[in-house]
1. When the Cα centres of the range A:36-60 and the range A:358-409 are compared, how far apart do they sit, in Å?
2. Stick to Cα atoms and the Kirkwood definition of Rh, then tell me Rg/Rh for the range A:443-501.
3. Mind checking the angle between helix B:79-95 and chain B's longest principal axis? C-alpha axes, 0 to 90 degrees, to the nearest 10.
4. Of all alpha-carbon pairs in chain A, indicate the percentage at a distance above 35 angstrom.
5. Over all residues in B:432-444, what is the mean tally of Cβ atoms on other chains that come within 10 Å of each residue's Cβ?
6. With viscosity set to 1.306 mPa s at 10 °C, what whole-number translational diffusion coefficient in µm²/s follows for the range A:283-465 from Stokes-Einstein and a Kirkwood radius over Cα pairs?
7. Roughly what % antiparallel, to the nearest 5, for the DSSP beta bridges in chain B?
8. Averaging sequence separations of C-alpha pairs under 8 Å and six or more residues apart, then dividing by the length of the range B:283-465, give the relative contact order as a whole percent.
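Any read-out appearing in this document is the output of simple, stated calculations on the displayed coordinates, not a laboratory observation. Quick caveat: nothing in here was measured; it's all calculated off a predicted structure. Methodologically, a virtual Cβ is constructed for each residue, glycine included, from the backbone with ideal geometry; neighbour enumeration extends over all protein chains shown.
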């Protein structure tokens, strides 16, 4: 079979070294020479000082110490109390929703509709984690009574997962709520029993500040430890967080370049710490000949809608669209062109992101074999951008410019790849970089289905049939992750119940008297949670 | 409370750079100038050529490719078949037991009694993992049916864990079986569905070869993919394994220095991979005044037995023994001196390890405030060594030579630390480096118990009451790990059922037709395993 499972990453990244560009890029201090924090409206380009300053390295060190103290107190509270804290935080976000959405819209231009949905998702996420905390299964509690084995007697041994301690979270540009201050990393770390210090993304500092206030108010209402959640501003503060001796793990959502820089830094520490970087990817979407035969227009239009959603600013945006040659495929492309031409330009998150997008598109259009299929209308204002759909032949993917084609361009651009033969398609797919998602459009009795799924599971963290990858739900079974370069840790997810596992470490208790054991592993199971007892799961 | 939870690592390690010494140290080629592999008897010092050569870098690359092919085939086999493979491997080790134990005894001097027990543990471990594979819980299978949520409709989503691909395993010096070719890393990686390439430890190449033969025979009997298990010899080959593009994760048991070097290398790759280093530690054992009052002689003798077990060549050897001042404590020390003086010297695993041990003891004895309490008789031959018990006052631990006292010395040496006040003891303990284990001797209604357990869970991966840390059982609840510097990944264990989690990554399947789903997450649960369905665990 051409699709070699366990595909490695054929085009490798060179290790990243400190990069002055990256340090400069996200700063919002517009030539003022001081580290004041500005809130910038991407529609107008107007930058308003917020009356706060970027966090100094000394402040970060103090915040790290306070975070450790907060974590220590937090770890003594009950799971029920912790669930209540998360619910109070959800309620506070809902209560402040109007102000938060207005600020986020001013800073991101994402629109009230999208931001209302994102806030709903964000408070749902806190409530979901409250239910996961109450369930208690995340503790992986297990009890092995003393016993004889073929290797000799074993003492009484019990195990549960315990919080790592202070966690640093880097807010993402593209989700001012769901992947920022009140986002999944924060919620899952708090749910795991860790304190949190968020590095606010410079694209939405005011939104971040309002969210911190809402979460702090909720924490105070339930008498949470002071400094359970803190927030820093500025790139230097972010780097200091990764270096800080009291920080025990990092959650990051952003670009490969910034993520790899921080990952390297976290691993080079005297005491290395886990760094969970969700770095985005080029997501493949494959349409089989039979799917094209059955649903050409529908798929063509819908895949463009997925590409242009939110100005293409999704790490799960489908970037490579594999369309069969021939008439059915032509019909897919025709519907896609039509949808793209009818699309409106959009406001990107910042002028810096728009500049990166423009540069990425320009590089793509300069690449031999790339032809423009359609453009949306252009955007207006300093962050305005139009969407672009281009086409290449399958062989171009293995040509000299392969790395340009298989590198994420953050924004509403996608490449239609026309293929003729199944074997050649499978070869090309198995040469792709691993990604967050892999989407297949196939008919239900399509014999391409199993082959493509088998390839997809090797290449990606989530395989989608007859859907689009841009939706990422919060649930038990969601995996939002994937092999490098999609993330820096293929073992873990940044979304869903299992994202809590990133902030927990096991501890075993050997022959510890019942009175001295944590609740979860006392003999009579006072928490009433699922446990593995003498090897058997007991619900 | 003086014992600050989430204690950080106050004395930090400097990042390790490539180290010519380390490269030279473990080589067994005794000045021959060629990379022939020698089997050295530590009792006589006689080195016998095995008629094989160290593995070249080119060979490693080829083996990596073949391992990827084997992993691909392996992943298609059923869980039941996989369990049968593990059982066949257990049986083959038992069948070849006499020859393997004889070879191991010649190469390690550990004695037939200990090695017979270690083989029993090793084959038990394969059978244990067979039961864990059949149980299927390790897949973390979950099914979320399509539903409506407050954040909108969610599609059908299902999740399971899948094998990472080829795993590199570094055999340990001190367990020629249980932590080497047929050890826990190998067994857990195979159980997870991964292929394995082991780097044989130079202290027991012949044992390694015999074990490879036994495991290969078993694999062949059940028609396993060729090259499912491979073995390399030599330091350069080991480093190449960590670099190899087809290797997806590394399991390592050994020294901090070698482990950190390889960890850094694994993280600096173009595609970083998980590196699970179990690096040993200085394990604290605390005797409360009441325990000393009740069981002075018993504890004094037993703790020395734990220190001298296997010539002290255990990563869980208790290295710091906290004994109260006063008469009861004196009685503990007196019993310990007696036991130590009555101990026989022992043969260490190699002359190189004995040299390191001698150097470590010499550095300790040179340290101000260190007094010798007792010595065993001395060992004979090139690898012979005597055991040593020394004493310091509590304050010495926070003095200028703290790092010497809190650095692992691999071998039968331990430091008795006399303490007077509980608060000072707790302060000193909370300043210790994190470790694999933390042991407390306390009476059942001793009010020191909870305080010390709370401290222990922050400092170590396993907390032991009224026992000794050198026993590490294979079970569901065993955690063999701990915060850095005990390991390079506090989230995972190298022993027990959960060690399989190291070699697995999640994959989600969205809206995939039942016929195309992996068995574990098909609607009607054909494997009959425990799954989380719509958020509820169903056993």
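1. 33 Å
2. Checking Rg against Rh, the ratio lands at 1.01.
3. 50 degrees
4. In whole percent, the share of Cα-Cα pairs in chain A beyond 35 Å is 38.
5. Mean shielding count: 1.
6. 98 µm²/s
7. Roughly 40 percent of the beta bridges in chain B run antiparallel, per DSSP.
8. That works out to 26 percent.
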